[in-house]
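The values are calculated or read from the model by the stated rules, or taken from the named source; none is laboratory data. What you are looking at is a predicted structure, and each value in this text was computed from that prediction instead of being measured. Backbone-built Cβ (ideal geometry, glycine too); neighbour counts: all protein chains shown.
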Amino acid sequence: MWVDNWVDYDGFIARPATDIEFDPDQQVHELIDVSSMEWKPEVIHKLFSNQAAGSILSMPLSIRAIEDSLFWWPDKRGLFSVKLAYWLGRLRVVETKLKARTMQDNKWWNLLWGLEVPPKLKHFLWRVSHGWLAIKTKLKRRHVVDDDICQLCRSAEETINHVLFECPQV
């Protein structure tokens with residue numbers, strides 16, 4: 001608790017704010033009342049400055065009392081690696097974004113597929129929304145073309161946004 005930077009606070013919290021008996025091995029869970037799953041404000045105010053205590057008390061706690069555990073997804077040899085942890089973290093970020101997007105997308109797709117327009121236009125809008133147009137930035141990334149400059153205006157990268165909304169020649 002005294003070493004890790006676990007509080008969103010500009011000041012440095014490396015030792016107690018008052019002259020109490022200092023326990024360097026004290027842990028954050030000792031600041032939480034597990035029966036009510038709330039902070040113990042009297043303990044926090046005793047240990048930390050007013051600003052730090054305010055920051056701690058403003059941090060929400062989970063209402064579920066789940067025991068912490070250490071775990072990792074092992075590599076092929078059953079070992080932990082920073083590389084694997086990085087990719088698992090990236091995967092978690094992608095999953096979180098996809099879940100949030102899925103909830104919003106349902107309304108969007110219902111609106112899109114409910115439009116009274118030709119199926120070709122619906123398909124085009126669907127491809128635009130997924131970023132699945134053969135634009136030069138993507139073609140260059142796949143080594144299909146050598147440059148990603150818009151052929152119409154010759155002044156910017158050819159992105160979906162540029163082609164549909166920004167290109168002065170369209």
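Descriptive notes on the structure:
- Residue ID - nearest to Ile63 (Cα to Cα), chosen from residues in region 31-52 that are of a type in the set (D, E, K, R) and surrounded by 12 or more Cβ atoms within 10 Å (Cβ to Cβ): Glu38
- Residues in region 56-83 that are outside any loop (DSSP other than H, G, I, E, B) and at pLDDT below 85: Val82, Lys83.
- Among the numbered conditions (1) modelled with pLDDT of 75 or more; (2) closer than 24 Å to Ile160 by Cβ; (3) surrounded by 10 or more Cβ atoms within 10 Å (Cβ to Cβ), the only one that Tyr86 does not meet is (2).
- Members of region 138-170 that are buried (at least 16 other Cβ atoms within 10 Å of the Cβ) and among the polar types (S, T, N, Q): Thr159
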